[in-house]
There are 4 protein chains.
Amino acid sequence: MSIPTPTAPPPDIVRCAYLDLVVTDLAASRDFYVDVLGLVVTYEDAEAVYLRSLEEFIHHNLVLRKGPVAAAAAFAYRVRSPEELDRAVAFYRELGCRVERRAEGFTRGVGDSVRVTDPLGFPYEFFYDVEHVERLAWRYDLHTPGALVRLDHFNQVTPDVPRAVRYMEDLGFRVTEDIQDAEGTTYAAWMRRKPTVHDTAMTGGDGPRLHHVAFATHEKHNIIAICDKLGALRQSDRIERGPGRHGVSNAFYLYLRDPDGHRVEIYTQDYWTGDPDNPVVTWDVHDNQRRDWWGNPVVPSWYTEASPVLDLDGNPQPVVARTDTSEMAVTIGADGFSYTRPEDDEDALPSWKQGEYKLGHQL
Amino acid sequence: MSIPTPTAPPPDIVRCAYLDLVVTDLAASRDFYVDVLGLVVTYEDAEAVYLRSLEEFIHHNLVLRKGPVAAAAAFAYRVRSPEELDRAVAFYRELGCRVERRAEGFTRGVGDSVRVTDPLGFPYEFFYDVEHVERLAWRYDLHTPGALVRLDHFNQVTPDVPRAVRYMEDLGFRVTEDIQDAEGTTYAAWMRRKPTVHDTAMTGGDGPRLHHVAFATHEKHNIIAICDKLGALRQSDRIERGPGRHGVSNAFYLYLRDPDGHRVEIYTQDYWTGDPDNPVVTWDVHDNQRRDWWGNPVVPSWYTEASPVLDLDGNPQPVVARTDTSEMAVTIGADGFSYTRPEDDEDALPSWKQGEYKLGHQL
Amino acid sequence: MSIPTPTAPPPDIVRCAYLDLVVTDLAASRDFYVDVLGLVVTYEDAEAVYLRSLEEFIHHNLVLRKGPVAAAAAFAYRVRSPEELDRAVAFYRELGCRVERRAEGFTRGVGDSVRVTDPLGFPYEFFYDVEHVERLAWRYDLHTPGALVRLDHFNQVTPDVPRAVRYMEDLGFRVTEDIQDAEGTTYAAWMRRKPTVHDTAMTGGDGPRLHHVAFATHEKHNIIAICDKLGALRQSDRIERGPGRHGVSNAFYLYLRDPDGHRVEIYTQDYWTGDPDNPVVTWDVHDNQRRDWWGNPVVPSWYTEASPVLDLDGNPQPVVARTDTSEMAVTIGADGFSYTRPEDDEDALPSWKQGEYKLGHQL
Amino acid sequence: MSIPTPTAPPPDIVRCAYLDLVVTDLAASRDFYVDVLGLVVTYEDAEAVYLRSLEEFIHHNLVLRKGPVAAAAAFAYRVRSPEELDRAVAFYRELGCRVERRAEGFTRGVGDSVRVTDPLGFPYEFFYDVEHVERLAWRYDLHTPGALVRLDHFNQVTPDVPRAVRYMEDLGFRVTEDIQDAEGTTYAAWMRRKPTVHDTAMTGGDGPRLHHVAFATHEKHNIIAICDKLGALRQSDRIERGPGRHGVSNAFYLYLRDPDGHRVEIYTQDYWTGDPDNPVVTWDVHDNQRRDWWGNPVVPSWYTEASPVLDLDGNPQPVVARTDTSEMAVTIGADGFSYTRPEDDEDALPSWKQGEYKLGHQL
């Protein structure tokens, strides 16, 4: 059942701006995001911590909010002007979505805002008014070896990727890359407003769920420094996957799991996508370099685990199962396959590249 | 004499896209840009070489064209759609500028284009149609230690910076940073269309002249590698200034001089400026960290030397002298001064920070 | 059966100097070591290729020699003076080893040399006389993004590590780090002559076999560049393990497999060990950060696969099975365990850290 | 007047180990070395601060000691065994030097030690006994963006470089590189015990004086991070020269001046020199890439300013003027010259490479 295209124009979105995240142990989360990752506290009280990256000038990029269930409360986008909020209201009302607008904002530091439960079940927020704070770009006395300088993107899990993409295109996003197979199944798609590879991606799976939120560093060694520090703190088990080089996006990456299991990516060095005719890159789902350019296996938890998202009343959204084949199933395990070179046999990966669940081939 | 604001809307510019550069010895220039810097040849013949950076998908970012006088023939911007060319024509006609449109383009690989001599005397080009070529982002087998991945910006010399800024704002650019003094003189301004610190900057001085064209690398060590290679080739005298960290833009930089003396910057890691209310950063001209965050002296040639620009017939534009005080004069030399800390004496720089022309203080 | 300590003093070894390696397809190996990894050809003919790293001044660090069976023909060490060869002869004769001395050397570019089959079954070579060649340290025009600058170490597989260590200490080596368990089993030991973590290591397993040879880069991004290039060449399946940070040695690492399956490590940034009382670091075999500081799983092939070594007639040495427990068995699989924090349960690793063969936990 | 070669053998020196430095404002010096540079405090009291680098396991690499005159109190070397101290005593007694031995050491954390005023007038110390402390190599939670990991070398100013070199060779050092001219004048020489380019260097000039002490980082970006932090702290005037690439040593470098004007180098990535026949590299004093591989000018203060050294009673040593021509005079200024390419004219440097004191060519 496809989502109709509204006749109302979508709001003009500038960029993904912040994630509103519910955590169950605020102190533990603060330790992870502030003491380990070095995000900067703009404000905090007993209920929430407002964090920003080092080059940010708006109030926050991440809100950690104490709550009973670890979940994503909102994916917030900045729009180009206050008037765009009216357009957001009209756009989502026409789609039959629940829409809430608050002049005083939903989070501290942000003014007039619109929150919706979108057609995919995700809580999306749009705002323009926001408190400005010091951009710490030049404050190298505050930078750490793993300095996080920008919020880069969200990543969402949804059962039907093409359906999600069509809706996001109506919302003004453009696809930059995707993963497909020869049978026409789409496994994931990356979409942007700002001229990077994405502001958000749609990953095929049971959803709506938050797959991850990503922060950018300047250089690759910054990401390595985060791993080294986690080792020093004997928290290396926070590292879920990577570091590695993505095929999709060409970025250098690392995936961490926070104390609630929320996934955080650290990301650097994708490419300019801002031209109107930017070429879309489509990857074969069987290409073993699509998710990791070095062919290193993707850990199964990365495919299967994700965070719930909340409705506008703060209740977890029910999760709908994916009906298309899963990327994990078609690429690893008894019936799946991956290749390094398209001309190779289906079964050509050496033992060290087969991944954890290549069951038919173990021992 | 200020430039009137046209009633016609400006063309919607996406980004700075390429520089059309006249060189006097094509083989020597090719050696510098291709063999030393590693730009990629899209096409070449006896008259011209068309070069692109490694992440580019349009035909070229730099044209080296053989000619009698080393000069900049055009600063070319990509616009958002073919229709924007009509707007460019109307915009500049209303300004009384000479305008030329060629359906077949002015350079190979580019289609329908508009060239103008703008009110500041610079040859500006606007185009949408362009041949797509392979984006070599993933072709790490072709990358060198100093890999240039994007064209980042132009920098233009013009006598009256505020006048230039007002015109550029009419053209749709936004100021991100500038250098001023307490008396209200503006020495330079940085302006952007794409959400980086600039697509072009206006540097106060005798003009119109090309100050430099800049290419981006991913990491700082890439810039160091270019210096190291120039040393190995016994061409270290191509290094004019740097490497260093800019105060303005916060980027890591290097300035080179090509065989004709055209200046090329290598640049990495400025910050996101794409929000509509992005804070403008104004630097005090006497702040010794504005041009180099480490307070290292700016070599005088960097202030005084620049390349001629051509009119639409290919003749060098006459140069008009700056009448405002020059940045070099107010910051170094007998009457100028710079400080590291605003509270310091005017004369507080240690000997090693005073620069080449601190004449009153030598020996 | 322990190896007696000779009364004759050992030769004064300066450093590991080169590996003499038999490959079955010389063209394929040349492509890997020269075209992919960028080692420098000092000399080559139809039978062999002599390669060196960029900062080397002796004739070669690696000989690729065409032969019927892929194997290591010699681990060659440089000694401090020509006279040390006499000591090597006396030392090994006293041990009852087969010893061969050739005034003209065993490989091109090397003069008077001694080769032995040592008590562990490894072909060891000692030499002083060697042809000097250009040290390419300053030739940045020849450096690649993944520039290999030094031979760093060998790694040997042997069944009884403590027995091997005692012999190597008699030969003048010092232990810098090792892996043990509470029951007193030693799984591996690192030993040095030059003041780095090792010139060679002894890894417990069926032996004698060559585990790997390691080359050093200057920075971590050089290692990442090698991975990126292998991806671009669609040879990512040459990457066996990593990149990662070692616990042991604290170095950043990558393991590759060459066309014959010989393992090559790329390695950077271990620490100074040259003080006579340098503290030995002993790691618990169950510490999940010992082999990879980030706790990323070690691929089983890394534990089980290695290259044969040759006797002085060029025949493969018979392999003796390890009788002590194996590191793989005690750390992964049904009966093994690893921890991130010593105080954790034996079974505390999250799913994404359990590795390929954590069989009791799969699916 | 040359220094006789003692018949007594020299002590077996392992490496340069620490500098004993008198500072006039202990709090200001602590702020620089600890809060800015991130050296680790092993111990401190009202009179002194004992600092070490992150990979060090002995008590200190630098002592900051409060005193009335900023000066170097001792250049301390570690020897291979306690017995070497007897050799040091005999060696220097035979040279007629003042020798003092203290069983309890001259600095906290160090035991039995010998201090001498050497034939060049420098206070040299030799010790073996030393307290071990935690090697923080793996403590990435303590590392900063500009992490200093090792003491690398000293650099001493002395009037007669060849005389100094002969004495240092008698002491067991080996020359790795030097700077000479065609007339046979030696301007500087680099000498090592450990297998890097140097443990100390002799720089021609009025002496005895301390030119600088150098600490090593792992990567080049660590050095850039120190500059960036100094900018953020508005202490960029601590940067005297660099960052840059040395010709001599091939290392990446930065020179800072501490609150007393003592010079500190930050240094990374020189090369292995431990082979007995390591080739000596001799640089032409007129080669503009010898001191900076990129040909960037050496600031005059770097040639002329240095710290006094103390005798064993704590009084500043008198300074003897250099009588040979100075490197600064023969390379810059009215009568000096430098070239980028040997075949160029004597006067071939472009304006931006001529340096601060190219007086005949200014304006």
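There is no residue in the range C:334-341 that is farther than 26 Å from residue A:233 by Cα, facing chain A (nearest Cβ under 10 Å) and modelled with pLDDT under 95. Which residues, counting only those in the range C:299-312, are in a loop (DSSP other than H, G, I, E, B) and at pLDDT 95 or above? Scanning the range C:299-312 gives C:305, C:306, C:311, C:312. Picking from residues in the range D:230-241 that are over 19 Å from residue D:39 (Cα atoms) and in contact (Cβ under 8 Å) with a residue 40 or more places away in the chain, the one that is nearest to the other protein chains (Cβ to nearest Cβ) is D:240. Check residue D:184 against each of (1) within 25 Å of residue C:195 (Cα to Cα); (2) over 16 Å from the mean Cα position of the chain (by Cα) and name the one condition it does not meet. Every condition holds for residue D:184 apart from (1). Among the residues of the range C:123-176, those identified as of a type in the set (Gly, Ala, Ser) and within 24 Å of residue C:73 (Cβ to Cβ) are C:164, C:172.
Restricting the search to the range B:25-47, which residues are in a loop (DSSP other than H, G, I, E, B) and under 24 Å from residue B:229 (Cα atoms)? Correct list: B:25, B:37, B:38, B:39. Within the range C:245-255, the set of residues being facing another protein chain (nearest Cβ under 8 Å) and touching a helix residue (DSSP H, G or I) at 6+ places or on another chain (Cβ under 8 Å) comprises C:245, C:247, C:252. Residue A:147 meets the stated requirement of being at pLDDT 95 or above, away from chain C (no Cβ under 14 Å) and closer than 30 Å to residue D:142 by Cβ. Any residue at all in the range C:181-200 that is within 14 Å of chain A (Cβ to nearest Cβ) and farther than 25 Å from residue B:138 by Cβ? Scanning the range C:181-200 turns up no residue that is within 14 Å of chain A (Cβ to nearest Cβ) and farther than 25 Å from residue B:138 by Cβ.
Restricting the range B:133-150 to residues that are out of contact with any Ser or Thr (no Cβ under 8 Å at 6 or more places or on another chain) and under 23 Å from residue B:256 (Cα atoms) leaves a set whose member that is surrounded by the most Cβ atoms within 10 Å (Cβ to Cβ) is B:143. Quick check on the range C:214-229. Is at least one of its residues more than 14 Å from every other protein chain (Cβ to nearest Cβ) and not in a strand (DSSP E or B)? No, because not a single residue in the range C:214-229 is more than 14 Å from every other protein chain (Cβ to nearest Cβ) and not in a strand (DSSP E or B). A count restricted to the range B:313-333 and to residues that are part of a helix (DSSP H, G or I) and either open to solvent by less than 40 Å² (accessible area, probe 1.4 Å) or without any contact (Cβ under 8 Å) to a residue 12 or more places away in the chain (or both) stands at 4.
Only a single criterion out of (1) open to solvent by less than 10 Å² (accessible area, probe 1.4 Å); (2) within 14 Å of another protein chain (Cβ to nearest Cβ); (3) among the polar types (S, T, N, Q) is not satisfied by residue A:29, namely (2). Considering every residue within the range D:292-312, establish whether at least one is over 19 Å from residue D:154 (Cβ atoms), open to solvent by 40 Å² or more (accessible area, probe 1.4 Å) and among the charged types (D, E, K, R). Checking the range D:292-312: not a single residue is over 19 Å from residue D:154 (Cβ atoms), open to solvent by 40 Å² or more (accessible area, probe 1.4 Å) and among the charged types (D, E, K, R). Residues in the range D:107-132 that are open to solvent by 50 Å² or more (accessible area, probe 1.4 Å) and more than 17 Å from residue D:65 (Cβ to Cβ): D:129, D:131, D:132.
Looking only at the range C:26-37, decide whether some residue is at pLDDT 95 or above and closer than 22 Å to residue D:276 by Cα. Checked the range C:26-37: no residue is at pLDDT 95 or above and closer than 22 Å to residue D:276 by Cα.
So that you can scan it fast, the table gives a plain yes or no per residue for (1) over 28 Å from residue C:209 (Cβ atoms); (2) within 14 Å of another protein chain (Cβ to nearest Cβ):
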residue	(1), (2)
C:99	no, no
C:105	no, no
C:114	no, no
C:119	no, no
C:123	no, no
C:127	no, yes
C:133	yes, yes
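Checking the structure you have, find out if any residue of the range D:134-148 is out of contact with any Gly (no Cβ under 7 Å at 6 or more places or on another chain) and not in a loop (DSSP other than H, G, I, E, B). Checked the range D:134-148: no residue is out of contact with any Gly (no Cβ under 7 Å at 6 or more places or on another chain) and not in a loop (DSSP other than H, G, I, E, B).
Okay, residues lined up against (1) open to solvent by 30 Å² or more (accessible area, probe 1.4 Å); (2) in contact with a Ser or Thr (Cβ under 7 Å, 6 or more places away or on another chain); (3) at negative phi; (4) outside any strand (DSSP E or B):
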position: C:162; (1), (2), (3), (4): yes, yes, yes, yes
position: C:166; (1), (2), (3), (4): yes, yes, yes, yes
position: C:183; (1), (2), (3), (4): yes, no, yes, yes
position: C:210; (1), (2), (3), (4): no, yes, yes, no
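Within the range C:48-68, identify whether any single residue is in a loop (DSSP other than H, G, I, E, B), of a type in the set (A, V, I, L, M, F, W, C) and surrounded by 24 or more Cβ atoms within 10 Å (Cβ to Cβ), and answer yes or no. So far as the range C:48-68 goes, yes, one or more of its residues are in a loop (DSSP other than H, G, I, E, B), of a type in the set (A, V, I, L, M, F, W, C) and surrounded by 24 or more Cβ atoms within 10 Å (Cβ to Cβ).
Looking across C:336, C:274, C:242, one residue alone is small (Gly, Ala, Ser), assigned to a loop (DSSP other than H, G, I, E, B) and within 22 Å of residue A:299 (Cα to Cα). It is C:336.
Yes/no matrix, rows are residues, columns are (1) aliphatic (A, V, I, L, M); (2) within 14 Å of chain C (Cβ to nearest Cβ); (3) over 18 Å from the mean Cα position of the chain (by Cα):
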residue	(1), (2), (3)
D:5	no, no, yes
D:11	no, yes, yes
D:15	no, yes, no
D:21	yes, no, no
D:25	no, no, yes
D:35	no, no, yes
D:38	no, no, yes
D:50	no, no, yes
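Among the residues of the range C:69-106, the one identified as open to solvent by 20 Å² or more (accessible area, probe 1.4 Å), in a strand (DSSP E or B) and in contact (Cβ under 8 Å) with a residue 24 or more places away in the chain is C:100.
Annotation note: Cβ proximity below 6 Å between a residue of the range D:121-133 that is at positive phi and a residue that is not in a strand (DSSP E or B) (sequence gap 6+ or interchain) occurs for D:121/D:208; D:121/D:317.
Among the residues of the range C:264-287, those identified as surrounded by fewer than 22 Cβ atoms within 10 Å (Cβ to Cβ) and among the charged types (D, E, K, R) are C:275, C:277, C:284, C:287. Within the option set D:46, D:72, D:28, being in contact with a Ser or Thr (Cβ under 8 Å, 6 or more places away or on another chain) and closer than 29 Å to residue D:142 by Cβ holds for one residue only, D:72.
Scanning the range B:1-26 for residues that are in contact with a helix residue (DSSP H, G or I) (Cβ under 7 Å, 6 or more places away or on another chain) and open to solvent by 10 Å² or more (accessible area, probe 1.4 Å) yields B:2, B:3, B:5, B:6, B:7, B:8, B:9, B:10, B:12. The residues of the range C:212-240 that are charged (D, E, K, R) and open to solvent by less than 10 Å² (accessible area, probe 1.4 Å), listed by number, are C:219, C:228, C:240. Taking first residues from the range B:267-280 that are within 7 Å of chain A (Cβ to nearest Cβ) and partners that are basic (Lys, Arg), the Cβ contacts under 7 Å between residues at least 6 apart in sequence or on separate chains come to B:272/A:150; B:274/A:15; B:274/A:194; B:275/A:78; B:276/A:80; B:279/A:135.
The values are calculated or read from the model by the stated rules, or taken from the named source; none is laboratory data. None of these values were measured; they are calculated from a predicted model. So basically every Cβ, Gly included, is an ideal-geometry build from the backbone, and we count neighbours across all protein chains shown. Protein only, heavy atoms only, side chains kept; ligands, DNA and RNA dropped before computing areas. Shrake-Rupley method; radii C 1.70, N 1.55, O 1.52, S 1.80 Å.
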